[in-house]
Amino acid sequence: MNSRWVLHDEHPQVPQMMEQINVPRVIAQILLNRGVSTFDDARYFLKPTLDDLHSPFLMADMDLAVERIAAAIESKEHIMVFGDYDVDGTTATTLLYLTIKLLTERISSYIPNRMTDGYGLSIEGLQEARSRGVTLILAVDCGITANAEVDQAREMGIDVVIIDHHVPGDMLPNSVAILNPKRADCEYPFKELCGVGLAYKVAQALAEHVGLPENAVYTHMDLVALGTTADIVPLRDENRVLTKYGLDMMQQTDKSGLQALLEVAGLREKELSTGHMLFMLAPRINAAGRMGDATRVVDLLITEDQQEAAQLAEELDEENQRRRKEDTLTFEAAREIVENDPFLREAKGLVLASDSWHPGIIGIVASRMVEAFNRPVVMISTKGENGRGSARTVGDFHLYNAIKECSDLLIQFGGHHHAAGLSIEKGRIEAFTQKFHEVVAARATPADFIPRLEIDAEIELDEMTPRMVRLMKMLGPFGPANHHPVLVSRDLSVVGKPRTIGKGKNHLRFRVKQNGRVMDAIGFGMAHFADQLNDSRDRLDLAYNLEENTFRGETSLQLRIKDIKPGTV
């Protein structure tokens, strides 16, 4: 991996924390790394409850939104939930649809087509709303910058309530209500809810306003866990509570669609984690929007017909397989372009374009290209009138700032430190390629291109007791702002002969020993270390996640390797 290991210094408060909450040294260190420094903080972190959630009515405009929705229900207006085509958008759409469906039959949903409608509120979507007789649109996971579209809706006689977590522009749309904790005038205590988290808050408030039982909303927390995990928002505060309880709800979900999705993903009998949501369920849902029509996702999630659910889940699974094949073909083509172009071989930042690349998958391929070439990458699909691009970065290099310096060549762009999107006239791609390379060359340092591996604590293998493992699980759910703890153990010896495993023999399984304790270790995608481990008589330092592995009904501890270094770092 060749990463730069950054080990947290041991906090001076570790002994005090160990005594206060009766935990081992490593658990105390991990909690302190996450800013948990008091008994009350530790209670909230290790044993969060639904009582820790904030009142939805603390959010600016929540009362206005709920009153307008309730009035529409009372007067039998047609309400449309207008969502986005990703996991967050489709789960948010489903949650609001199912909640409001308990109160009125005059409810429908709309998910735009990525290829023909683009992102967010659109004229096409508004025209569809008008044709259905809609007088109230709930724009969820979109709409915060749709000023012109909201004005157009008003002219059509359609009110809009915006439920969006993206950063607002300088001027807010002229809508009935705007639910967004990132509004400058919103005093809601937690700012990082995603679209489905906000939808849950709206459903909570509506249920309270009209007198629905609390369980009518709580039962949809499985959708919240799925959408929150997939949207890569920080898993702290409310996101952590919602995801923790949502995973439990997912384990026993009564939704036919989620049951069918778990079945095709091979997860029905497994203890579910955020990793399962992110890497096994989310790709199948996202594939529908990337490769076709994401309306099928909402159809899947709302159906009560098990046969229909099984059929739709199978379709999504097939779409995902098709998407993966497309990923591979696009990646191979992109890699060949770089290897055959002298300028690109040396360029500090890579810009690649083709009219044969599907715009729905170039972001995924950009991430793979970053791994292959260890440089910031912009992938552009030139299908259609203009080029549409997705960009990803490496290490600490700030991608958004680099693209911003090239903005005079772009139609529009957006994003953040690690990922961005853009549109560009085809005739300007060559100039953008040159300028992006120059910006990266001028701004980047060698350290920017070395991936950082944050390590929580150093540990001896014989410290791993069953109780410590139980406490480690209580630190979850894991994700952004609460990553799975990374531990390091030093001066380990390899026991026996390492084996390459998996369909393509890409993974590495071996055993290590320290002070008489022997542990299993697995390194996914690390088969290239096999010869090195076979030939080496030196000790190893391993960075890893500690996890439980269940095989043929037997559960044991194993080290999931993040990186391997010889000797002591």
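The values are calculated or read from the model by the stated rules, or taken from the named source; none is laboratory data. What you see is a predicted model; the values in this text were computed from it and never measured. In this analysis, Cβ positions are derived from the backbone assuming ideal geometry, glycine residues included, and neighbour counts consider all displayed protein chains. For the accessible areas, the whole protein counts, side chains as well, though only heavy atoms, and no ligand, DNA or RNA atoms are used. Shrake-Rupley method; radii C 1.70, N 1.55, O 1.52, S 1.80 Å.
In Å², and per residue, what accessible area does region 22-92 have when probed at 1.4 Å with the other protein chains present? Show your work: numbers first, answer last.
On the way: 2660 Å² over 71 residues.
With the other protein chains kept in place, region 22-92 gives 37 Å² per residue.
Skipping prolines and chain starts, which residues have an amide H placed within reach, meaning under 5 Å, of the one on Ile411, given they are 5 or more residues away or on another chain?
Those qualifying (amide H under 5 Å, at least 5 residues apart or on another chain) are Ser423, Ile424, Glu425.
Could you sort out which of Lys513/Lys562; Lys325/Lys505; Lys473/Lys562; Lys76/Lys191; Lys348/Lys435 sit more than 22 Å apart by Cα distance in this structure? It would help to have the intermediate numbers written out before the result.
On the way: Lys513/Lys562 18 Å; Lys325/Lys505 19 Å; Lys473/Lys562 18 Å; Lys76/Lys191 34 Å; Lys348/Lys435 11 Å.
Listed pairs above 22 Å: Lys76/Lys191.
Relative contact order, percent, of the chain when contacts are C-alpha pairs under 8 Å separated by at least 6 residues? Show your work: numbers first, answer last.
On the way: 1092 pairs, mean separation 67.4, N = 569.
Dividing the mean separation by the residue count of the chain yields 12 percent.
Please compute the length gained on full extension between Thr328 and Phe279, using 0.36 nm multiplied by the number of residues separating them and subtracting their Cα-Cα distance.
Working: separation 49, 0.36 × 49 = 17.64 nm, distance 1.69 nm.
Answer, rounded to one decimal: 16.0 nm.
Please give, to one decimal in nm, the separation of the simple spin-label points placed at Tyr400 and Glu263, each 7 Å out from Cα toward the Cβ.
So the label points at Tyr400 and Glu263 sit 4.2 nm apart.
Given a 1.4 angstrom probe, I'd like the percentage of the accessible area of region 307-441 that is carbon and sulfur, rounded to a whole number.
44
Ignoring ligands, DNA and RNA, please state the percent of accessible area on region 1-106 from carbon and sulfur, probe 1.4 Å. Before the final figure, lay out the partial values.
Numbers: 2440 of 4770 Å².
Taking all protein chains in place, region 1-106 shows 51 percent carbon and sulfur surface.
Using a 1.4 Å probe on the protein chains only, how many percent of the accessible area of region 476-565 belongs to carbon and sulfur? Could the numbers behind the result be given before it?
Values: 2040 of 4680 Å².
Answer for region 476-565 is 44 percent, counting heavy atoms of protein chains only.
Leaving out ligands and nucleic acids, and using a 1.4 Å probe, what accessible area per residue does region 337-486 come to in Å²?
Details: 6620 Å² over 150 residues.
Spelled out: the 1.4 Å probe surface of region 337-486, per residue, equals 44 Å².
First select every other residue whose beta carbon is under 12 angstrom from the beta carbon of Ala184; then total the charges, Lys and Arg +1, Asp and Glu -1.
Working: positive: Lys182, Arg183, Lys191; negative: Asp170, Asp185, Glu187.
For residues surrounding Ala184, the net value is 0.
Rolling a 1.4 Å sphere over the protein heavy atoms, what is the accessible area per residue of region 110-216, to the nearest Å²?
On the way: 4320 Å² over 107 residues.
Per residue, region 110-216 has an accessible area of 40 Å².
Quick one: Karplus J couplings for region 413-421, per residue in order, coefficients 6.51, -1.76, 1.60, θ = phi - 60°, nearest Hz, x for Gly and Pro?
7, x, x, 8, 3, 9, 8, 7, x
Name the shape class, rounded, prolate or oblate, that the alpha-carbon gyration tensor gives for the chain, where a ≥ b ≥ c are the square roots of its eigenvalues, rounded holds for a/c under 1.5, and otherwise prolate holds if a/b is larger than b/c and oblate otherwise. Intermediate values should be presented prior to the final figure.
On the way: a/c = 1.78, a/b = 1.29, b/c = 1.38.
Here the chain falls in the oblate category.
Please list the helices of the chain that count as membrane-span-like by this rule: a mean Kyte-Doolittle hydropathy of at least 0.5 together with Cα atoms stretching 20 Å or more along the helix axis, each helix being a complete DSSP H run. List each step's numbers first, then the result.
Working: long enough: 87-101 (21 Å, 0.62); 195-210 (22 Å, 0.70); 237-251 (22 Å, -0.85); 306-340 (51 Å, -1.45); 429-443 (21 Å, 0.07).
What comes out of the filter, once short or polar helices are dropped, is 87-101, 195-210.
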